[in-house]
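Structure, as structure tokens:
The values are calculated or read from the model by the stated rules, or taken from the named source; none is laboratory data. This structure is a prediction, so every number in the text was calculated from the model and none was measured. Quick reminder, even Gly has a Cβ in these numbers, built from the backbone with ideal geometry, and neighbours come from all protein chains shown. All accessible areas refer to the heavy atoms of the entire protein, side chains included, with ligands and DNA or RNA removed. Shrake-Rupley method; radii C 1.70, N 1.55, O 1.52, S 1.80 Å.
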Amino acid sequence: MATHQPMHAPSTTSACFAVLDPATSEAFDEAPDQQPDELDAAVGRAHEAWRSWRADPAARTTALLAAANAVDAAGADLAPLLTREQGKPLAESYAEIARVAARLRYFAELDPQPQLITDGRPVCSEVRWRPLGPVAAIVPWNFPLQLASAKFAPALAAGNTMVLKPSPFTPLATRLLGSVISAALPENVLTIVTGHEPLGARLASHPGVRHVTFTGSIPTGRAVAQGAAASLARVTLELGGNDAAILLDDVDVEKIAEHLFWAAFRNCGQVCMAVKRVYAPARLYSHVVEALAQRAKTAVVGAGLDPATQLGPVNNAPQLARVERYTARAVAEGAQAVAGGHRLDRPGYFFAPTVLADVPAHSPVVTEEQFGPVLPVLPYGSLDEAVEAANDTGFGLGGSVWGTDLDRAEEVADRLECGTAWINHHAELSLAQPFTGSKESGVGVAGGPWGLFGNLRPFVVHRPQEA
Ligand code: NAD
């Protein structure tokens, strides 16, 4: 087993880059800026480690269950570090870490069975499942640990090894998590590499990897797919979303407002499957806007380490600038900021929780992914008009329908063009279900057994039947 090192200590070989606390915008630590030769060495070691890791499924299960226990035990070290670099409230960091451990346990115990093909021929064909080899994983800064685990838990359980690169905005908790998990696994089964571009591009196009699994924005996903094409590695892409919530005319606004608000603003709106646009029937429009605005005005915004905080800062300066730009443009185009609409006058990357009314449907805050604490609310006349507006986008991650008549709500949900549609809910995900985006929001399937099979290839043994 590998030795457990405090991985947030800088490497002795690489130069380092500063990591900022978004609640102050000041540097508080650093991470290694790893170079191409270090990446090549990490992929080479992952290949070596694969030989024995792939061979013994029972030993893998034991090691991954031990890793899950180690993650639980390290929660008090991981959670404050995650909050410090990401910005989210501490309780949400603990929840994220619990999800990592749960995901390791879930995948450790999945056992892909061989399958006999019976189609009437006098032969015996058996499909067996084989791992792919070293997997490259690249993840963003909004849920660094949870998204890393969505990569390594199924990939390692399937018998692959992994080299994983977190976002340079959030490298530290991932390095520590990697160290905690690696202490329970054979050496080099999981390696974390950190650094600035072109490190990710080089990892995605590395000839030594057989699967590239990426979570991030659509433009970067496109570049990753192009990079992976060089070695024809398998590609899984979990990309951006612009989820619509459609409120039906029988919705109980007061009953759902709190839930709907947090479906949009949790993690400061930095959730791929956040509600990013609300469509409300014209008759209820002002009531919906008011109910959401009232919550935006009273949500407690602050540093994630403050136990009173409900909404932390935006994670980084470019993202804050994007949120500010989309909001200013919407207001210039005639929208009203019924709550918020501006940065907070304090250090750090804080933006007031913002509800926008009367937003033109073509404004980028409606048509693109704002990925921040800003929610446009749009009125609709007919239900067909609302469904058409919800679907009129290249995004296709999630969507939701809110109302009292659940059968009717389900009929509307069934018309949404996305990977997951909820009723009176949003972004509730089970580890056991498939997670996938339609249209430009994704390629391939993560989650549940589908996520495991995404890291395996079928291998067929064909023999004549006994006479
Ligand atoms: P991003 O695409 O800018 O970066 C994602 C990762 O890719 C980072 O680690 C980054 O360093 C790396 N990267 C940047 N350029 C690269 C390149 N040319 N080649 C390889 N890697 C490169 O995204 P972000 O701003 O970090 O995250 C926000 C985006 O992630 C949003 O669009 C959000 O919707 C999406 N996201 C999707 C899901 C999902 O499951 N569908 C989950 C979370 C976030």
Contact order relative to length of the chain, as percent, for alpha carbon pairs under 8 angstrom and 6 or more apart:
18 percent
Modelled label-to-label distance, residue 183 and residue 58, 7 Å Cα→beta-carbon offset: nm?
2.8 nm
What is the antiparallel percent of DSSP beta bridges lying wholly in the chain, to the nearest 5?
40 percent
If Lys and Arg each add +1 and Asp and Glu each add -1, what is the summed charge of the other residues whose beta carbon sits under 11 Å from the beta carbon of residue 242?
-2
Rounded to one decimal in nm, the spacing of the 7 Å Cα→Cβ label points at residue 306 and residue 222 is 4.1 nm
If packing is taken as the average count of other Cβ atoms within 10 Å, what order do 138-149, 103-114, 436-447 fall into, highest mean first?
138-149, 436-447, 103-114
Tell me, in nm to one decimal, what length is gained between residue 432 and residue 367 on full extension, where the rule is 0.36 nm per residue of separation less the Cα-Cα distance?
20.3 nm
Under Stokes-Einstein, with the Kirkwood radius over Cα pairs standing in for Rh, what whole-number D in µm²/s applies to region 237-319 at 25 °C and 0.890 mPa s?
174 µm²/s
If only Cα atoms are counted, what is the Rg of region 397-445, and what is its Dmax, in Å?
11.3, 34
Percent of accessible area on the chain owned by carbon and sulfur, 1.4 Å probe?
55 percent
Note, region 50-63: 3J(HN,Hα) by Karplus (6.51, -1.76, 1.60, θ = phi - 60°), whole Hz, Gly/Pro = x, goes 4, 3, 8, 4, 6, 7, 9, x, 5, 5, 5, 4, 4, 5
Using packing as a proxy for protection, rank 414-424, 390-400 so that the peptide with the highest average count of other Cβ atoms within 10 Å comes first.
390-400, 414-424
Computed Rg/Rh of region 295-400, alpha carbon atoms with Kirkwood Rh
1.00
Residue by residue through region 212-228, which ³J(HN,Hα) values in whole Hz follow from phi under the Karplus form 6.51 cos²θ - 1.76 cosθ + 1.60 (θ = phi - 60°), with glycine and proline marked x?
10, 10, 10, 10, x, 7, 5, x, 5, x, 5, 5, 5, 4, 5, x, 5
Rounded to the nearest 500, the 222 nm mean residue ellipticity computed for the chain from DSSP H runs (n ≥ 4, each -39500 (n - 2.57)) alone is -12000 deg cm²/dmol
Beta carbons within 10 angstrom, averaged per residue: use that to sort the peptides 218-225, 374-381, 89-96, 459-466, highest first.
374-381, 89-96, 218-225, 459-466
Over all directions, the average projected area of the alpha-carbon convex hull for region 243-423 comes to how many nm²?
9.7 nm²
Kirkwood hydrodynamic radius, computed over distinct alpha-carbon pairs, for region 351-457: how many Å, to one decimal?
15.6 Å
Per residue and in Å³, how big is the convex hull formed by the alpha-carbon atoms of region 167-308?
174 Å³
Over the chain, give the accessible area per residue in Å² for a 1.4 Å probe, as an integer.
40 Å²
Mean projected area (nm²) from the convex hull of Cα positions in region 418-464 is 5.0 nm²
So for the chain, using the alpha carbon gyration tensor with a ≥ b ≥ c as root eigenvalues (a/c under 1.5 gives rounded; past that, a/b versus b/c decides prolate or oblate), I'd call it oblate
